[in-house]
Amino acid sequence: MLLQFNATNFGAFRDTFSLNMTPAKITEFPDSLITDTDDVSAIPLAGFYGANGCGKSTVLKALHYLSRCILSPSQALPEDHRFAFGHEAADAVTEFEVLFRAGRMEYDYQLRLLPGTVLEENLFARSFSDPSYDVVFDRDGEGVYLGALVDGVDVSSLEDDTPMLAFLIQQTRLSWLPAVSGFFEGISWLSCSAISEDVLTPYLSDTRAMKKLTGLIARLDLSVTDFYREDGEIFCVHTVGKSSYALPLSEEGSGVRQLLLLCAVIQQKLASGGILLADDLYLYLHPRALRFLLSLFASRRYNRAGAQLLFTSYDMPTMHNSLLRRDEIWLVEKGADQCASLYTLALFLKENGEKVRKDEIYYKQFLEGRYGAAPRIDEVK
């Protein structure tokens, strides 16, 4: 369960942005929250809105990149994602901090790096019953301090191009590590402009999973009742009355195909838990269909594993007080210096100094520019 994520000097963000997934002190939709055994809660959704090129996708990419640094450091660490506009890139350090829960423990992980080199790294942990964190390890230019959870681990072979956390996952079998590794493995990237048909493959050999998937699809006014593969191609079975017809998935309309594949991805994430990073989630979808998919994550009936969805969108009807909490609506604004900033509607103050009320029509106010993050376009007269 993700509680907070901060990043500095990454992509469109020169300065630090902070994504807080713990609920603000607001009253809407309390039953949608993901609640742990000690009553600590997190929001299930975070939607990012703003102008073209403002940095919405960067927020998702930063979290995905951090997970790659842990799971595949040899590929991820050499990449350079630093802010490039008017910035001394040669000396600029990228920083990450993620606060999360896994395996009945809460962790605070911090990483500072240059492309190909880890400069500093820290991991702190606490049990739910412990109010303070203990040091798991503390790494800087002077060396590595090992706390009780990693005491006795040989780090003599640790190189500057490998995060300590990645080293521990690869080289040790500490009892608490699978849960931590599972948190990062559960961070999934989805570019909605290019969803592969392969997301349906696990369902083709699992009757129970297929039944759940087609049950979900049935709620979307689609006639698809089954899938199968023949000669390397996936077919959709449409049932109309008492008759059934097979149609190659590749020949379905763009909207139908997109909706079917998204259902497959989302059903799997709801079953396994973790974090789905969905870029351009609105593509090819009717607003009511998108609304339905978002509502799955806000439903305790469907989201029993505590999955979280972070998505970018230009779909305005979903920015609505009947669907999203104010702390689930995040706006990204690009300044004149090309630096992006991130803020939530729950904490935004309008020009008159008032907070956004929960009875406002959010998307209407947003399009009117009252919440900021609107494109500066020279309108045609």
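Coordinate-derived values only; no laboratory data. Remember, it's a predicted structure, so these values are computed and weren't measured experimentally. Cβ sites come from the backbone with ideal geometry, for glycine too, and all protein chains shown count toward neighbours.
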How long is the stretch 275-381 along each principal axis, judged by its Cα atoms, biggest number first, in Å? 46, 31, 26
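Give the residue list of chymotrypsin sites (Phe, Trp or Tyr not before Pro) in the stretch 315-381 that are DSSP loop and have at most 13 other beta-carbon atoms within 10 angstrom.
Working: sites: TRP330, TYR343, PHE348, TYR362, TYR363, PHE366, TYR371; in loops: PHE348, TYR371.
The qualifying sites: there are none.
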Residue among ALA278, ALA246, ALA125 with the largest mean-square fluctuation in a Gaussian network model of the chain, springs linking Cα atoms under 10 Å: ALA246
Could you give the dipole magnitude of the stretch 196-272 about its Cα centre, charging the beta-carbon of Lys and Arg +1 and that of Asp and Glu -1, in debye to the nearest 20? 480
In nm, spacing of pseudo-spin labels at PHE128 and HIS286 (7 Å Cα→C-beta vector): 4.1
Give me the Kirkwood hydrodynamic radius of the stretch 196-272, using the inverse of the mean 1/r over all pairs of distinct Cα atoms, in Å to one decimal. 12.5
So for the pair GLN4, HIS320, with labels modelled 7 Å out along Cα→Cβ, what separation do we get in nm? 3.3
What percentages, rounded to whole numbers, describe P(r) for the stretch 143-271 computed over all alpha carbon pairs with 5 Å bin width beginning at zero? 2, 8, 17, 16, 12, 7, 7, 7, 9, 7, 5, 3, 1, 0, 0
Size of electric dipole in the chain: Cβ of Lys, Arg +1 and of Asp, Glu -1, about Cα centre, debye, nearest 20: 1800
I'd like the Karplus ³J(HN,Hα) series for the stretch 111-125: coefficients 6.51, -1.76, 1.60, θ = phi - 60°, whole numbers in Hz, and an x wherever there's a Gly or Pro. 9, 10, 8, 10, x, x, 9, 8, 9, 9, 7, 9, 9, 10, 9
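To the nearest 0.05, how large is the calculated FRET efficiency for ASP91 and GLU159 if R₀ is 25 Å and r is the Cβ-Cβ distance?
Working: r = 22 Å, r/R0 = 0.88.
The computed FRET efficiency comes out at 0.70.
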Given pairs LYS56/LYS269; LYS212/LYS269; LYS25/LYS355 and cut-off 18 Å on Cα-Cα distance, the over-length ones are LYS56/LYS269
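Looking at the P(r) of the chain, how many percent of alpha-carbon pairs lie beyond 38 Å?
Distances greater than 38 Å cover 24 percent of the Cα pairs.
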